[in-house]
Amino acid sequence: MKNKGLTKVDLIFETVDVRKVIKKAFEMTSDEIIQQVLESGLKGRGGAGFPTGLKWKYTAAEKDPEKYIVCNADEGEPGTFKDREILDKVAPKVYAGMAIAGKAMGAKKGFIYLRGEYRFLLPQLYVELHKFHKMIAEIGYDFSIEYRMGSGAYICGEESALFESIEGRRGEPRNKPPYPTTSGLFSKPTSINNVETLVTAMMIIEKGPLEYVKLGTKDSRGSKVFSISGDTPLPGIFELELGMTVQQFVNEFGDGDAKAVQVGGASGFCVPRKKFADTIIGFEGVPTGGSMKLFNSSRSMYNVLHNYLDFFAEESCGQCTPCRVGCQQLLKGIEKVKKGEAKSTYLNELIKLADTMKVASKCGLGQSVGNAFKSIVENFREEVIY
Amino acid sequence: MVTLKINEHEVKVAEGTTVLAAAKTLGINIPTLCNHPDLCVAGNCRVCVVEQKGARTLVASCVTPVSQGMEIQTNSLKVRNARKHIVELLLSEHRADCTKCYKNQNCELQTLANEYSFGEHIFFDLTEDHNYVIDRSSPAFIKDDSKCIRCQRCVRTCAQLQYVSAIAVSHKGSEMKISSFHDRPMSHVVCTNCGQCVNRCPTGALTEKTYIDQVWDAIYDTDKHVVVQTAPAVRIALGEDLGYDPGERVTGKLVTALRQLGFDSVLDTDFTADLTIIEEGTELLTRLKKVLVEGDKTLALPMFTSCSPGWIKFIEHKYPHMLPNLSTCKSPQQMFGALAKTFYADKRKLDPANVVSVSIMPCTAKKYEADRPEMRSSGYKDIDFVLTTRELAVMIKQAGLDFRTLEESHYDSVMGVSTGAGVIFGATGGVMEAALRTAYEIVTGRPVPFKNLNIMPVRGMEGVKEATIKIEGTREEWKFLEGAELKVAIAHGLVNANKIAKAVSQGKAQYHFIEIMACPGGCLGGGGQPIPTSTEIRQKRMEAIYVEDMNMDLRKSHDNPEVTAIYQEFLEKPNGHKAHELLHTHYTERESY
């Protein structure tokens, strides 16, 4: 593990001949494309980490002639801003990734669901999209992409809520099963992938899976784009090989006084200083969709937690009980404890509640509220109480 | 078939069955809140979560389909802990002032609280954090968001069963609520007051607006003569609120109970239902003649029935250009009201100013109807108070009556005699059947050609029904109808009504006469009927209605001697001047949003 340092990688933003990669993919069979992505070990870059090749394989296996590839660009996790950069810098690679996914699964139509706050990117994205459509037509392939805009709701980044939103309804997660690969957008088989995932998949086709698996670890193959913020002298976007420990990360990006790193945003985990050395950033440790927030000793972890809970209490869709009411109770609970209106042991009740939310909520939002809550309360209990 | 294990018991069920339904076949009860047999599944409340072996999280049994080899635990420690938390969470956002609540002891949340949440509450009260305002603007029902647990049954009811969507989800997170268009008061949105949401609300968030105290005041006022009418669908459902099984008829006891409550005269809406048939049947035949023979362009066909006030408000909002297609007949309730303070008051030598007219209805929309400005043709408010079946049950309990031991008795007279045709108004297809029994006989001089007068094609729970009656052997004055095929249609539930209205509006349907009832099953499934409701319960009520019809001595409205008498003594002739003044009405175009 010692050798796995902070190898900077340039895969996502590397300039490639997009046309050539698309042509290469179109000369492959659907199975070959899927096989390469499977062999690369690529897992979804939005945070949940579902194997991309499997998602494509399941969608490809569906008999329905109408299928969709959806690019999830509703980047809303607090502290994440890498998809904005990717779309800004290498949009043609995103489009190419979608076309390749479309070819692999038999989808002729793609949708990009763009975060409402990123509307300012649209004019340039359309210029690039126009060029892309022209190129695809020249190659002689039937595939097109449309943009759909979000309106600022965090929940619309949840895949099924995103479909609801595209379909013109209130963005609320659906019951699963059925999963998107069998019944997704417009109730058709759909593969929904993160912006970065699509670009990575496209680069796997370009370089071949054998090249890709040289990077990363067994559980976390390849590299990842990180959005780094908080108490750091180096805020911004960095593409790093997976497999590093939080300690290695802090050594590079910390300000020398880091007491905690929030890995994976509000829905991720808080890693305290004492666990830096033995926590790996990746699916074997703490996974992240890219958000890395550093906190130094000047920060109150109560305030950090309060901020996250406030965020969730507002951004829950409100549909299911554990999430809608649970978020409010967690927030109210820590406020009461802080004010001395509830005993400090009430935090134990709240931890149990967080456990219930994890197992009983309808979607990933409610299921992950407990991550930040528990990891902050368990590691910074004094700061929360006093 | 799929085999799975629930709590170690093996069970074999059809593919597509939910875990909840599979458990039920084993006699294992899983609690639910947002689930309702009439509605699509939601999976929102999470009360029904169970443990599935190998699954990362608990699963909601109401939405999870069974799969081969699945192993489910419905009562493990993990499940119980989660369920207790969920019930407690719901209680924390619910203003639990149960003793003040109209739904006390008929509240699904209360039942769950009794099972899962006795003792100290774990969580803090959240109702104080919200500025809840109770919406009392509708004359039919009250919306109290502080009691709402966001299960969305009402939302699904309004959209899926009624095609109205007067209420929908708005906002998110802690602010998420069930709201009207632009948060307007319920009196100022497209709402039909049908009360189907009230029937399905598991708590006291949606309740009918009660007038029980006002009715008691009138009864105790010795200067007032309080006359009460009972709708056909009340007698076959009231029992459910008084410990009887669905489908038990309690007509005789109902009459006795009303008398014992202190009403001065206990009369029957069925009488004016019979009168409606004479007026509406005449109107239909006249329209057919004027439009088809004389080419009158001022009258519209097909003609829609007008007994259901939910349907009236629906068409006023959504298809105002078809208002001329509505029969101008008032509903039986309002015909009764107009006559109670004219004909009846005269007959009993009462000052109509001292007559208080109360109706017992299976309906919440009737409360709105009684308040319409047109409904004052007697010179007074024709109907003073409308009580639902449920409110009557409350009064019976308040009075301490032991309903089961009451003697059976008959309605008073006048305006208390009725026929089986009046009774079947309570079921979808009933008005059509009653109208056909009379109209066919007027035109041909012979009874309708169906065994025992039972016109089976217009009966049943199908959403939209169609029938064609061939008219043969007509009397001289109806010669123009000889050999004609009278095409009729029946719809119940506004989602079905909308299908027909849309087809007619687009010129895609060729009917002469259409019966529409706003509620599923007709009035027997009305918004004022006992809770709970389901297809099975409504089916039983329907069977009871037809048994009631078969047991009547008279089965055809035109055979009702009181109806004959009222024309001779008072109304002169069907659709005559006086009848028009008292028994007919007009409609108002309303906003479509």
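Values in this text are rule-based calculations from the coordinates and carry no lab data. Because the structure is predicted, anything quoted here is derived from the model rather than measured. All Cβ positions, even for glycine, are placed from backbone atoms using ideal geometry, and neighbour counts span all protein chains on display.
Observations
- Counting only alpha carbon atoms, the long axis of helix B:535-550 and the longest principal axis of chain B meet at about 30°.
- Model label zone, B:Lys578; criterion: amide N under 18 Å from point 7 Å along Cα-to-beta-carbon; scope region B:398-435: B:414-416
- Average projection, convex hull of the Cα set of region A:1-72: 7.0 square nanometres.
- Summed side-chain charge close to B:Leu299 - residues other than B:Leu299 whose Cβ falls under 9 Å, Lys, Arg +1, Asp, Glu -1: +2
- For chain A, the longest principal axis of the alpha carbon atoms and the long axis of helix A:18-27 meet at an angle near 70°.
- Cα gyration tensor, region A:18-212 - rounded (a/c under 1.5), prolate or oblate: rounded
- With a 10 Å cut-off around each Cβ of A:310-323, the average count of Cβ atoms from other chains is 6.
- Unit Cα scatterers, Debye sum, the protein assembly as shown: log10 I(q)/I(0) for q = 0.04, 0.06, 0.07 Å⁻¹: -0.26, -0.55, -0.71
- In chain B, the DSSP beta bridges split such that about 50 percent are antiparallel, to the nearest 5.
- GNM flexibility winner over chain A from A:Leu114, A:Leu185, A:Leu350 (Cα, springs under 10 Å): A:Leu350
- If the chain linking B:Asp402 and B:Lys487 were pulled fully straight, counting 0.36 nm for each residue of separation and taking away their Cα-Cα distance, it would gain 25.8 nm.
- Within chain B, longest stretch free of exposed trypsin sites (Lys or Arg not before Pro) [DSSP loop, at most 10 other beta carbons within 10 Å]: B:57-296
- Here, region B:124-208 yields an orientationally averaged convex hull projection of 5.3 nm² when only Cα atoms define the hull.
- A prolate overall shape is assigned to region B:60-143, the ratio a/c of its alpha-carbon gyration tensor axes (a ≥ b ≥ c) being 1.5 or greater and a/b exceeding b/c.
- Tilt relative to chain A, helix A:321-339 - C-alpha long axis, 0 to 90 degrees, to 10: 40
- The protein assembly as shown - share of DSSP beta bridges that are antiparallel (%, nearest 5): 50
- Look at the stretch A:351-359: the mean tally of other chain Cβ atoms within 10 Å of its residues' Cβ atoms is 5.
- Model label points for A:Phe26 and A:Ser187, set 7 angstrom from Cα along the Cα-to-Cβ axis, are 3.4 nm apart.
- Cα-Cα over 28 Å, subset of A:Lys57/A:Lys93; A:Lys176/B:Lys100; A:Lys343/B:Lys78; A:Lys362/B:Lys209: A:Lys176/B:Lys100; A:Lys362/B:Lys209
- A Förster radius of 41 Å combined with the Cβ-Cβ distance from B:Lys508 to B:Arg56 puts the calculated FRET efficiency at roughly 0.20.
- On full extension, the segment bounded by B:Ala168 and B:Asp371 gains 70.5 nm, given 0.36 nm per residue less the C-alpha separation.
- Each Lys or Arg adds one and each Asp or Glu takes one away; over the other residues whose Cβ falls under 11 Å from the Cβ of B:Ile219, this sums to -3.
- Computed FRET value (nearest 0.05) for A:Asp257 with A:Lys338, which takes r as the C-beta separation and R₀ as 25 Å: 0.55
- Label-point gap, in nm, between B:Asp296 and B:Trp216 - each point 7 angstrom along Cα→Cβ: 5.1
- Diffusion coefficient of chain B by Stokes-Einstein, Kirkwood radius over Cα pairs, 25 °C, 0.890 mPa s: 97 µm²/s.
- Cα convex hull of region B:291-384, projected area averaged across orientations, nm²: 7.6
- Separation of region B:439-464 and region A:332-375, taken as the distance between their Cα centroids, equals 64 angstrom.
- Amide H contacts under 5 Å for A:Gly46, placed H, 5+ residues apart: A:Asn194
- Longest stretch of chain A clear of exposed loop sites (GluC sites (Glu not before Pro), DSSP loop, at most 15 other Cβ atoms within 10 Å, sites excluded): A:168-283.
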